[in-house]
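Worksheet for the structure shown next.
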Amino acid sequence: MKSPERIPRRAAIQRKEYISMAKKKPSPKMATEAAVDKKLAAQPENIKTESLAQHTADAAGEKMTTNTGLPVNDDQNSLKGGDRGPSLLEDFILREKITHFDHERIPERVVHARGSGAHGVFKLYKPLAEYTKAGFLNDTENETPVFVRFSTVAGSRGSTDLARDVRGFAVRFYTQEGNFDLVGNNMPVFFIQDAIKFPDLIHAVKPEPDNEIPQAASAHDTFWDFISLTPESAHMIMWAMSDRALPRSYRMMEGFGVHTFRLINAEGKASFVKFHWKPLLGVHSVAWDEAQNISGKDPDFHRRDLWDAIEAGAFAEYELGLQIIPEEDEFKFGFDLLDATKLVPEELVPVQRVGKLTLNRNPDNFFAETEQIAFHLGHIVPGIDFTNDPLLQGRLFSYTDTQLTRLGGPNFQEIPINRPVVPVHNNQRDGFMRQTINRGKTSYGPNALGNNDPQQVKAADGGFTSYQERIEARKVRARSKSFFDHFSQARLFFNSQSEPEKNHITDALSFELGKVKMLAVRERMLGLLMQIDKGLATQVAYNLGMHLPKEIPGNRNIPADGDPAAYQSVQAESTVAVSPVLSMAGTLKDTVKSRKVAILAADGADAASLRIVKDALEAEGAVAEVIAPKMGVITAADGTQIQVDQSFLTAASVLFDAVYVAGGINAAASLEAEANAVHFLNEAFKHCKAIAVSGDAHQLLEATYFSKKLSGHYTEENVLREGVLAGKADKKFSALFIKMIAQHRFWEREKPRLIPA
Ligand code: HDE
């Protein structure tokens, strides 16, 4: 194969100049400038960062110019007829500045508008030649540059990160064979089976069209009206009502390609494949009450978490998992592999972990990179191909189409973040904002005037060929009979949850339907739930003050001439009754890396007890912040001064994973007098977080609502059950606290539900 012409060589040089330029900036420098330099110098270089550097500008130390390069003398005052007179139309500097500003906004994504991005690399563990000829899935030597965008689905660009919603998990691999986009979600299934239903689904979940309420929420009539008439959504509804819809962090959620794709090897042999991302920090979620609070205290919670972690060097890591299914096994599962409302239980087909994705660099510019990236699951490489999943097929149209409006024309692939790292040559020309200057007379093929360039590429040399699937069929508008088992996997998911997770699903459904005004919609939803699990439906009905309906709602997604009977759900049982990996209860709980811990302290704090725990936490990679009644410093009992990170005005327990109260009798007395400190502990307890209190600060613990509910025996066994530790702050104490934080949450605490925080 012809070795790829590496355009970015020039870029590499420019980037080096750019970095050394940044390093050479005139001193003295502001602290922030120095930070920028450090960041630039520290950026991991790869072929994509090099190519981006060609388009990256840094104004540090530079003179100001207009867009035509004219040095600007006065950017503060417009040109006027007299210093109190009218501004002059002649003022091209004013006009240029305001005109550009007037056109700064582009349409937000019609779905997944709210997102956060990061750069990274993918490293393969072992070549996958047996299954695929894709170069990047066979190369264990080189890292493939990636850009990832996480998102919520329903909310606008400025909406809260903590909405109950599916999360997008879109990964672009800049491979030597072109861009490969794996545009997935954090849930393995979807609401609908056919792309033609997507506008209906999204219109139903978006804010209602008459009053544009509610923002970033599915808890309203139109969504549940649609769902109650669409039983194929039952499985996805279980996921969306579970804690998976409230991730603790983008770094702590799984990702899924959702559809069944195909891998093709060099011999042309195909296998089906499901793509997975497995986070190395485990899969963790927050509580719904907590999510609602975070939405007020820090609506950028997930964005900030990802950004801060990367800045701190706590890079987000995920392993790529593959479930590979031989073509011969297509019909052996009892459900259809082309049905995107079904997952393949890992008990039936294990997930092989084949490589690691590391997110190690924040974007330089949100708009240029995160906003302008244009993902498309039609961006594939030789060795990967599609299946006939009708949801996937529709997406193949939608993603390019939507960019034409969003990014303003057909040249969006030339935007730096969208450019592949290999050269692009074809006969496409012109259009708004064309960047490339194509030389030569010919922009057609075949041509003799230009040597028939650019040349098509033989399959043996890497030219893409579609998998030659045999198709012999009538052209019909239809839904396959194999798509009508709507409930077996909804039940499988529910049955696989731990008791607290089941309670959360019940609560979520009760909350969402509690927000629905139309009684008939609630009733139909109860009918739908009855088909998943009678106990679940009964509990939700109880919470809503309703009875289970006598009539079960049917499927209403029926064509005008369709026989309704032919469109009803088929009752089936899943071949696997319980799949433990569907629950988050058994996820990895072995690290506190990048977890946030609040240390409550006040004047008179015992410095030794504060430091020993803080140091131990930081040694394990956790982030500890000192929270006190006011900002500045506190004076410890021994006279030393301790820097305060936040006061109770800006900090809140919902923004932390755990709380520690440092020792010191006087400090404890001050904190006890501070209602916010007591609330901090009560709320942390309510949200089932690890709490540790240094021995002589016990009086603060006693001021809480929950102290009487504790056994009061702080043995390791009790502590790991109750999640509250009190005692002398020493090494053993710190180690136990760290073990507690790694547990993530003590969900069992919710049972008595006695904490009013
Ligand atoms: Fe998307 N989806 N989608 N989707 N989707 C978009 O493309 C669409 C679906 C997903 O961070 C849009 O560039 C249709 C499933 C992600 O930039 C749009 C259907 C899955 C993102 C679009 C689906 C996804 C999008 C809007 C039904 C998980 C954000 C802006 C057939 C496997 C990507 C854009 C980013 C974005 C259409 C269903 C994931 C309109 C028609 C299933 C992660 O093209």
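The values are calculated or read from the model by the stated rules, or taken from the named source; none is laboratory data. The shown structure was predicted, so the numbers you read here are calculated from the model rather than taken from an experiment. Cβ: placed from backbone, ideal geometry, glycine included. Neighbour counts: every protein chain shown.
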query = What pairs come up if the first residue lies in the stretch 335-346 and is crowded, with 24+ Cβ neighbours inside 10 Å, the second is acidic (Asp, Glu) and modelled with pLDDT of 95 or more, and their beta carbons are under 6 Å apart, counting only those six or more places apart or on different chains?
reply = 340/389; 341/232
key: Hits in the stretch 505-541 (condition: touching a helix residue (DSSP H, G or I) at 6+ places or on another chain (Cβ under 8 Å), free of Cβ contacts under 8 Å to residues at least 40 places away in the same chain and of a type in the set (S, T, N, Q))   = 506, 510, 539
ask   = Here are some conditions: (1) surrounded by fewer than 19 Cβ atoms within 10 Å (Cβ to Cβ); (2) within 16 Å of the ligand (Cβ to nearest atom). Residue 303 meets all but one. Which one does it not meet?
value = (1)
message = Here is a check on your reading of the model: is residue 191 more than 12 Å from the ligand (Cβ to nearest atom) and either aromatic (Phe, Trp, Tyr) or more than 27 Å from residue 480 (Cα to Cα) (or both)?
response = no
task = Would you check if residue 172 is crowded, with 21+ Cβ neighbours inside 10 Å, under 15 Å from the mean Cα position of the chain (by Cα), at pLDDT 95 or above and more than 16 Å from the ligand (Cβ to nearest atom)?
result = no
request  = Sort out which residues of the stretch 194-212 are within 24 Å of the chain's Cα centre (by Cα) and more than 14 Å from the ligand (Cβ to nearest atom), and write them in order of number.
outcome  = 207
query = Only one residue in 366, 386, 432 is closer than 20 Å to residue 151 by Cβ and away from the ligand (no atom under 11 Å from the Cβ), so which one is that?
reply = 366
note = Residue hits (the stretch 380-402; aliphatic (A, V, I, L, M), buried (at least 20 other Cβ atoms within 10 Å of the Cβ) and under 16 Å from residue 466 (Cα atoms)) are 380, 381, 384, 392
inquiry  = For the stretch 657-703, give me each residue that is part of a loop (DSSP other than H, G, I, E, B) and over 35 Å from the mean Cα position of the chain (by Cα).
reply    = 663, 664, 674, 703
task = Can you give me the number of residues within the stretch 395-429 that are of a type in the set (A, V, I, L, M) and within 16 Å of the ligand (Cβ to nearest atom)?
result = 5
message = Consider the stretch 642-670. How many of its residues are without any contact (Cβ under 8 Å) to a residue 24 or more places away in the chain and touching a Pro at 6+ places or on another chain (Cβ under 8 Å)?
response = 1
message = Just to be sure I understand the filter: pairs with C-beta atoms under 7 Å, separated by 6 or more residues or on different chains, first member in the stretch 381-401 and under 19 Å from residue 478 (Cα atoms), second member part of a helix (DSSP H, G or I) and near the ligand (Cβ under 9 Å from one of its atoms). Which pairs pass?
response = 390/195; 391/195; 393/195; 394/195; 394/196; 394/198; 395/195
note = Reported set for the stretch 176-186 where residues are under 25 Å from residue 485 (Cα atoms) and more than 8 Å from the ligand (Cβ to nearest atom) is 186
query = Do we find that residue 434 is without any contact (Cβ under 8 Å) to a residue 40 or more places away in the chain, within 30 Å of residue 336 (Cα to Cα) and not assigned by TED's automatic domain parsing to the domain that holds residue 258 in this structure?
reply = no
request  = Could you please give the count of residues in the stretch 98-112 that are within 20 Å of residue 182 (Cβ to Cβ) and without any contact (Cβ under 8 Å) to a residue 60 or more places away in the chain?
outcome  = 1
ask   = Picking from 89, 70, 79, which residue would you name as being modelled with pLDDT of 50 or more and either polar (S, T, N, Q) or in contact with a strand residue (DSSP E or B) (Cβ under 9 Å, 6 or more places away or on another chain) (or both)?
value = 79
task = Answer yes or no: is there a residue in the stretch 155-162 that is in a strand (DSSP E or B), surrounded by 21 or more Cβ atoms within 10 Å (Cβ to Cβ) and within 16 Å of the ligand (Cβ to nearest atom).
result = no
note = Filtering the stretch 371-394 down to residues that are assigned to a loop (DSSP other than H, G, I, E, B) and among the aliphatic types (A, V, I, L, M) yields 373, 374, 377, 380, 381
inquiry  = Which condition from (1) more than 18 Å from residue 279 (Cα to Cα); (2) surrounded by 23 or more Cβ atoms within 10 Å (Cβ to Cβ); (3) within 16 Å of the ligand (Cβ to nearest atom) is the one that residue 106 breaks?
reply    = (2)
query = Does residue 349 meet the test of being in contact with a Lys or Arg (Cβ under 6 Å, 6 or more places away or on another chain), of a type outside the set (Phe, Trp, Tyr) and closer than 22 Å to residue 580 by Cβ?
reply = no
task = Report whether or not residue 116 is within 16 Å of the ligand (Cβ to nearest atom), outside any loop (DSSP other than H, G, I, E, B) and either surrounded by 13 or more Cβ atoms within 10 Å (Cβ to Cβ) or of a type in the set (Lys, Arg) (or both).
result = yes
message = Condition (residue is within 11 Å of the ligand (Cβ to nearest atom) and part of a loop (DSSP other than H, G, I, E, B)) applied to the stretch 343-358: is it met by at least one residue?
response = no
inquiry  = Go through (1) more than 16 Å from the ligand (Cβ to nearest atom); (2) surrounded by 23 or more Cβ atoms within 10 Å (Cβ to Cβ); (3) over 15 Å from residue 383 (Cα atoms) for residue 150 and report which single condition fails.
reply    = (1)
ask   = Counting only residues that are within 26 Å of residue 502 (Cβ to Cβ) and not aliphatic (A, V, I, L, M), how many does the stretch 281-300 have?
value = 9
ask   = Does any residue of the stretch 123-130 turn out to be in contact with a Gly (Cβ under 9 Å, 6 or more places away or on another chain), assigned to a strand (DSSP E or B) and surrounded by fewer than 24 Cβ atoms within 10 Å (Cβ to Cβ)?
value = yes
query = Which of the residues spanning the stretch 691-711 are closer than 27 Å to residue 611 by Cβ and free of Cβ contacts under 8 Å to residues at least 24 places away in the same chain?
reply = 702, 707, 710
